[in-house]
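A.B. asks: This is the structure I have questions about; it appears just below.
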Amino acid sequence: MGFVIAIAGTSGAGKSTLVGELSKRLDASSLYYDAYQETTAYPEDMLKSLARGEMINPAEIRSPKFFEDLVSLKNGRKVIDPWGREVLPTDYIVVEEPFGRLREGMKEVLDFVVCLKIPLDISLARRVLRDLQIEYKELEAKKKLEIVEGFLTDYLAGLGSGYKQINDTVCESANLVVNGLKPTEEVTDLVIRSIGEEC
């Protein structure tokens, strides 16, 4: 059975970077939450609810394919992820899981959860830049501006504080909470040491 390490945190916290670095250092397989977006079901109007200051239950965010692939890897079976990568079972499995143990079934599957914490303004800046450079890269400037303006309006209205509340709850059940602004190599060393102490 593989030992599953989950990297949790808000958008822009550095989850994907840490997953990659830990995978190299531990010779581990990896799964990325973002790869499973098309098969992930979110609560209706989730962002609007957060923007109104209403909390959402991460257990209602369901990624059956992600969960199925994770369980398969943990049990020693290879998988093909939605990006087309062949992912082989290894002693360690590192996954990008923004909600840590809060989603249905994860508490029983995850062996060690690292929660990355960064200030909201840094998270916001990284998220907007990433969307502009990747997701909205091909859009006209006017359309980009409309999307960013809408996102920032919702962020100030309550979306940002909603993200923070969820992340705080994720961190409460984590094995290790780390300052996401520290250099990746330093964070990687800390995670590996902490896992060694835990096992």
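Bear in mind these aren't lab numbers, they're just calculated from the coordinates by the rules spelled out. What you see is a predicted model; the values in this text were computed from it and never measured. So basically every Cβ, Gly included, is an ideal-geometry build from the backbone, and we count neighbours across all protein chains shown.
A.B. asks: Which of the lysines could a cross-linker span from residue 74 if the Cα-Cα distance has to be under 21 Å and same-chain partners fewer than 8 positions apart are dropped?
C.D. replies: List returned: 15, 24, 65, 107.
A.B. asks: Now for a separate question. How much length, in nm to one decimal, is gained on full extension between residue 54 and residue 149, taken as 0.36 nm per residue of separation minus their Cα-Cα distance?
C.D. replies: On the way: separation 95, 0.36 × 95 = 34.20 nm, distance 2.11 nm.
Going from the current span to full extension adds 32.1 nm.
A.B. asks: Moving to a separate point now. Run through the stretch 17-84 and list the GluC sites (Glu not before Pro) located in a DSSP loop whose Cβ has at most 15 other Cβ atoms within 10 Å.
C.D. replies: On the way: sites: 21, 38, 44, 54, 60, 68; in loops: 44, 54.
Filter output for the stretch 17-84: 44, 54.
A.B. asks: Sorted by packing (mean other beta-carbon atoms within 10 Å per residue), highest first, where do 137-143, 26-32, 186-192 land?
C.D. replies: Numbers: 137-143: 9.1, 26-32: 20.1, 186-192: 17.3.
Descending packing order for the listed peptides: 26-32, 186-192, 137-143.
A.B. asks: Say R0 is 35 Å: what FRET efficiency, to the nearest 0.05, do residue 169 and residue 137 get from their beta-carbon distance? Don't skip to the end; give the middle numbers.
C.D. replies: On the way: r = 33 Å, r/R0 = 0.94.
So, using R0 = 35 Å, E works out to roughly 0.60.
A.B. asks: At a Förster radius of 30 Å, what calculated FRET efficiency corresponds to the Cβ-Cβ distance of residue 182 and residue 121, to the nearest 0.05? Could you put the intermediate results ahead of the total?
C.D. replies: Details: r = 17 Å, r/R0 = 0.57.
The value I calculate is 0.95.
A.B. asks: Take the Cα coordinates of the chain, assign each an equal point scatterer, and use the Debye formula without solvent to give log10 I(q)/I(0) at q = 0.14 Å⁻¹.
C.D. replies: After summing over all Cα pairs, the log10 values are -0.84.
A.B. asks: If each DSSP helix of 4+ residues adds -39,500 (n - 2.57) and the sum is divided by the residues in the chain, what number results at 222 nm, nearest 500 deg cm²/dmol?
C.D. replies: Details: 8 runs with 86 residues, N = 199.
Counting only the DSSP helices, I get -13000 deg cm²/dmol.
A.B. asks: What's the whole-number percent of alpha carbon pairs in the stretch 40-117 lying beyond 18 angstrom?
C.D. replies: On the way: 1466 of 3003 pairs.
Across the stretch 40-117, Cα pairs with separations above 18 Å total 49 percent.
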